[in-house]
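The values are calculated or read from the model by the stated rules, or taken from the named source; none is laboratory data. The structure displayed is predicted, hence computed values, not measured ones. Cβ placement follows ideal geometry from the backbone for every residue including glycine, while neighbour counts extend to all protein chains displayed. These area figures cover heavy atoms from the full protein model, side chains too; ligands, DNA and RNA do not enter into them. Shrake-Rupley method; radii C 1.70, N 1.55, O 1.52, S 1.80 Å.
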Amino acid sequence: MGNQLSPEEKQEALFQRWLSPTDPGGNDLPFQSPEAEKAYKTTINRIRDAIQMKKLPDRVPVCPLPGFFPVYHAGMTPQEVMYDYDKLSMAFKKYVLDFEPDVHIGATAPGSGRVYEILDYKLYSWPGHGVSPQHIYQCNEGEYMTADEYDALIQDPTGFFSNVYLPRVFGALEPFQMLPFLPGILEIYGVAFNFIPFGLPPVQAAYKALFEAGAEALKWAGALGAFDAEMAGLGYPAFWGGFTKAPFDTIGDTLRGTKGIMVDMYRQPDKLLQAMEALTPIYIQLGVGAAKQAGCPLIFMPLHKGADGFLSDEQFKKFYWPTLKKVIMGLVDEGVVPFVWAEGGYNSRLEAIRDLPKGKTAWLFDLTDMAKAKKALEGIACVGGNMPMDLLSVGTTEDAKAHAKKCIDTCGKGGGYIMANGAFFDKVKFENLKAIVDFVKEYGVYK
Amino acid sequence: MSEKLVNAIADMREEEALKLVWTLVANGEAEPMAILDAAREAMTIVGKRYEEGIYFLPELMLAGEMLIQVADILKPELAKLPEVKRHGKVLIGTVQGDIHDIGKNIVTFMLDVNGFEVLDLGVDVSPQKFMEAIQDFQPQVIGLSGFLTLAFDGMKETIEAIETAGLRDGVKIMIGGGQVNDEICKYAGADAYGRDAMAGVSLAQKWVGAQ
């Protein structure tokens, strides 16, 4: 077999691809100036050094991770950018040029309102569809998988998504409940039988909606690709190759819901554990596939329900961590760098998450004590986060800078640190964010 | 018998607890009010264990589910009894622009089992709706919930509107959810913030002078 590269070599290969950006057509991307090329490559090397911890970076990377902030900053509404992709690009470009962060996270976050409309998306409310034009989209939590459906999910996760879950969260795909069981198309006897559903008018209408949504998604992707290429040409790398999730959050966020998964921990713990195991290889594949396709090793992993206060330590170790660790290790084995975003507090989990190989992951914290985090993960993983939302939103510029200084003093020593926020922000003070970015570029230099 | 029920609920033995309630009702061994009191006593233990860091969200959620089921079993009997006396009134809702409700629902539930009359306005509640409800419901305490950082402004606007309308005196306002802390409390103009559901209950108890 040809594929005998070690995880280190695979990671190196992905970093090399990230260092050599291509345009949407796959050709080498021209930089707009030698300075832009230098900035692009210096940033990636800086992030690589911070993550691998083999070499001291030139300075602390400063990587704010905005939610809808660029949209409000540009004086637009979330509704405008979800329907007008030119405005979307303009807003995110203005953000990058005004703040000059080391990296950007693309303009993907708002998504395409039109695609959601065509598909009649029910899982979220978005501007004009359940929330006002000035507000951001939000999830409608519910039990989109019922308590008695664990076996169906465990036996055939993909089939469960196509025939049960997607028809529930997309009104236009409801007829997919009628789709055939594909493993039945085994030999000539099964063929004509199993194609009957595709002739039914409701199923055909669902496919028509899919084609329309696909065409719209392509338009949206065109705008995003052009934005990424322009930013790379100017010297700003896109931060993430894609995303994946912890199996516990996958089930708890959008399948069973918070209450559903938490009562299942008592009512049917074995089924829950089995389901998370069944989802583990799938969510490894999701992250690895995205990193390879994008040519970027960093994969975003937002963590939700394993935070301090959500579960006891014992519950975290039994239900949350084992399959999360498997997903992380599955990514690491393929050279991918899980960029784990531990929302909420993670103080009580620091001991457990030390059980990871050195220099293969990055952990961004939200409300965690950064001194404790650094101490626990020193020599194991790059840490970051903790840019406080209250200071960004309502504090003074001096408060913001003082906090940034404290973060660098506490965590920056010896590398392995990225300045970033631990929760997405939408409306913060321009001058506070700008002050932090500028301050880190000056104060965060390693000498 | 009631001690057994209290322990079954407090120790998260759902099946046993529900069987006990069915048996007590079917055999006429306990008054419905006595069963409900036992369930409330168990909830107090659950709340205490949550405060002490022994229990976490799964236990609060499961306890809530158990209490709903117990109340359902007792409903036909309880309908015949007079309304219990409440400590005070709390008006609660997630502020405009935010539709998150899990945290708010837990707070509502914990206030209810701790003897408050709670009016929950739901999510994405405009300042106008809050003010109308203040006039109709006459709460002593108002709870503003929000998960998004955008909710900071929603809280501030709601409290400003309440002040402008001359409704601020005589009510205490608490905020909670997501990234809320002391700074945000000052920014929004609230009286206090609560980090979790039991903190919200304690604030309400302190303000209305209830035990």
Computed from every Cα-Cα pair in region B:111-211, P(r) in 5 Å bins starting at 0 and rounded to whole percents is 2, 13, 26, 26, 22, 10, 1
Within the set of other residues whose C-beta is less than 14 Å from the C-beta of A:L356, count the net charge using Lys and Arg as +1 and Asp and Glu as -1. +2
Please work out the Kirkwood hydrodynamic radius for region B:112-160, using every pair of different C-alpha atoms, and report it in angstroms with one decimal place. 11.8 Å
Once the in-chain neighbours fewer than 8 apart are removed, the lysines whose Cα is under 27 Å from B:K156 read A:K401, A:K427, A:K429, A:K434, B:K89, B:K104, B:K129, B:K172, B:K186, B:K206
Residue list for region B:68-101, given a label point 7 angstrom along the Cα-to-Cβ vector of B:K206 and an amide N cut-off under 15 Å: none
In nanometres, the difference between 0.36 nm per residue of separation and the alpha-carbon distance of A:D270 and A:N27 is 82.5 nm
Looking at region B:93-109, which residues lose a minimum of 30 Å² of accessible area between their chain alone and all protein chains in place, measuring with a 1.4 Å probe and not counting ligands or nucleic acids? B:G97, B:I99, B:I102
Mean accessible area per residue over region A:1-78 (1.4 angstrom probe, all protein chains present, square angstrom) is 49 Å²
For region A:168-299: relative contact order, % (alpha-carbon pairs under 8 angstrom, 6 or more apart): 22 percent
Quick one: Kirkwood hydrodynamic radius for region A:248-368, alpha-carbon pairs, angstrom, one decimal? 14.7 Å
How would you order B:172-182, A:164-174, A:257-267 from highest to lowest mean count of nearby Cβ atoms within 10 Å? B:172-182, A:257-267, A:164-174
Could you give the spread of the C-alpha atoms of region A:46-169 along their three principal axes, from largest to smallest, in whole angstroms? 54, 42, 20
For Cα pairs less than 8 Å apart in space and 6+ apart in sequence, what is the mean separation divided by the residue count of region A:337-427, i.e. the relative contact order in percent? 31 percent
Interface area, A with B, accessible, probe 1.4 Å, both sides summed, Å² nearest 100: 2600 Å²
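If you take the Cα Rg of region A:138-212 and divide it by 2.2 N^0.38 Å, with N the number of residues, what do you get? Kindly include the intermediate steps, with their values, before the conclusion.
Details: Rg = 13.9 Å, N = 75, 2.2 N^0.38 = 11.3 Å.
Here the Cα radius of gyration is 1.23 times the empirical estimate.
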How large is Rg/Rh for region B:30-184, to two decimals, with Cα atoms and a Kirkwood Rh? 1.01
List of region B:173-211 residues, accessible area with partners at least 10 Å² below that of the chain alone (1.4 Å probe): B:Q179, B:N181, B:E183, B:I184, B:Y187, B:R195
From the phi of every residue in region A:396-405, what ³J(HN,Hα) in whole Hz does the Karplus formula 6.51 cos²θ - 1.76 cosθ + 1.60 yield, where θ is phi - 60° and glycine or proline is x? 8, 4, 5, 4, 5, 5, 4, 5, 4, 4
Given a cut-off of under 8 Å on Cα pairs at least six residues apart, what relative contact order in percent is computed for region A:129-178? 24 percent
Kindly provide the pair-distance distribution of region A:312-447 built from C-alpha pairs, with 5 Å bins from 0 and whole-percent values in order of increasing distance. 2, 10, 19, 21, 19, 13, 9, 6, 1
Relative pair counts by distance (%), Cα atoms of region A:1-114, 5 Å bins: 2, 10, 15, 17, 17, 17, 11, 6, 4, 1, 0
With the full set of protein chains in place, find how many percent of the accessible area of the protein assembly as shown is carbon and sulfur; take the probe as 1.4 Å. 55 percent
Cross-link pairs beyond the 23 Å C-alpha cut-off, checked among A:K360/A:K413; A:K259/B:K80; A:K305/A:K441: A:K259/B:K80; A:K305/A:K441
With a sphere of radius 10 Å drawn around the Cβ of A:G171, what net charge do the other residues whose Cβ falls strictly inside it have (Lys, Arg +1; Asp, Glu -1)? 0
Calculate one ³J(HN,Hα) per residue across region A:71-76 by plugging θ = phi - 60° into the Karplus curve 6.51 cos²θ - 1.76 cosθ + 1.60, and present them in order as whole Hz with x for glycine and proline. 6, 5, 4, 7, x, 10
Over region A:133-264: Rg over Rh, Cα atoms, Kirkwood Rh: 1.06
How many Å² of accessible area per residue for region B:24-83, probe 1.4 Å? 51 Å²
Label point at A:Q134 placed 7 Å out along Cα→Cβ; residues across region B:111-152 whose backbone nitrogen lies under 18 Å: B:124-131, B:146-152
For A:E334, A:E442, give me the order by solvent-accessible area with a 1.4 Å probe, most accessible first, ignoring ligands, DNA and RNA. A:E442, A:E334
Each label sits 7 Å from Cα toward the beta-carbon; between B:E51 and A:E431 the label points are separated, in nm, by 4.3 nm
Fully extended, how many nm does the chain gain between A:F211 and A:E351 (0.36 nm per residue separation, minus their Cα-Cα distance)? 45.6 nm
Which FRET efficiency, nearest 0.05, do B:E16 and A:Q177 yield, Cβ-Cβ r, R0 41 Å? 0.60
For chain A, convex hull of alpha carbons as volume per residue, Å³: 159 Å³
For the protein assembly as shown, what is the charge dipole size about the Cα centre, in debye to the nearest 20, if Lys and Arg each add +1 at the Cβ and Asp and Glu each add -1 at the Cβ? 1540 debye
Let me check I've understood the local charge: for A:L200, count other residues with C-beta under 13 angstrom from its C-beta, Lys and Arg +1, Asp and Glu -1. What total comes out? 0
Sorted by chain and number, the residues with a modelled amide H under 5 Å from that of A:R59, at a separation of 5 or more or across chains, are A:Y446
Spelling it out for A:R256: with amide H atoms placed in the peptide plane at 1.01 Å from N, the residues 5 or more places away or on another chain with amide H under 5 Å from its amide H are A:M145
Bounding extents of region B:1-77 in its principal axis frame from Cα atoms, largest first in Å, are 37, 19, 18
With N denoting the number of residues in region A:202-255, provide Rg(C-alpha) divided by 2.2 N^0.38 Å, to two decimal places. 1.68
Sort out for me the Cα centre separation of region A:47-107 from region B:148-211, rounded to whole Å. 33 Å
³J(HN,Hα) computed for each position of region B:120-127 - Karplus, 6.51 cos²θ - 1.76 cosθ + 1.60, integer Hz, glycine/proline x: 9, 7, x, 10, 6, 8, 6, x
Counting each pair of different Cα atoms once, what's the Kirkwood radius of region A:223-291 in Å, rounded to one decimal? 14.3 Å
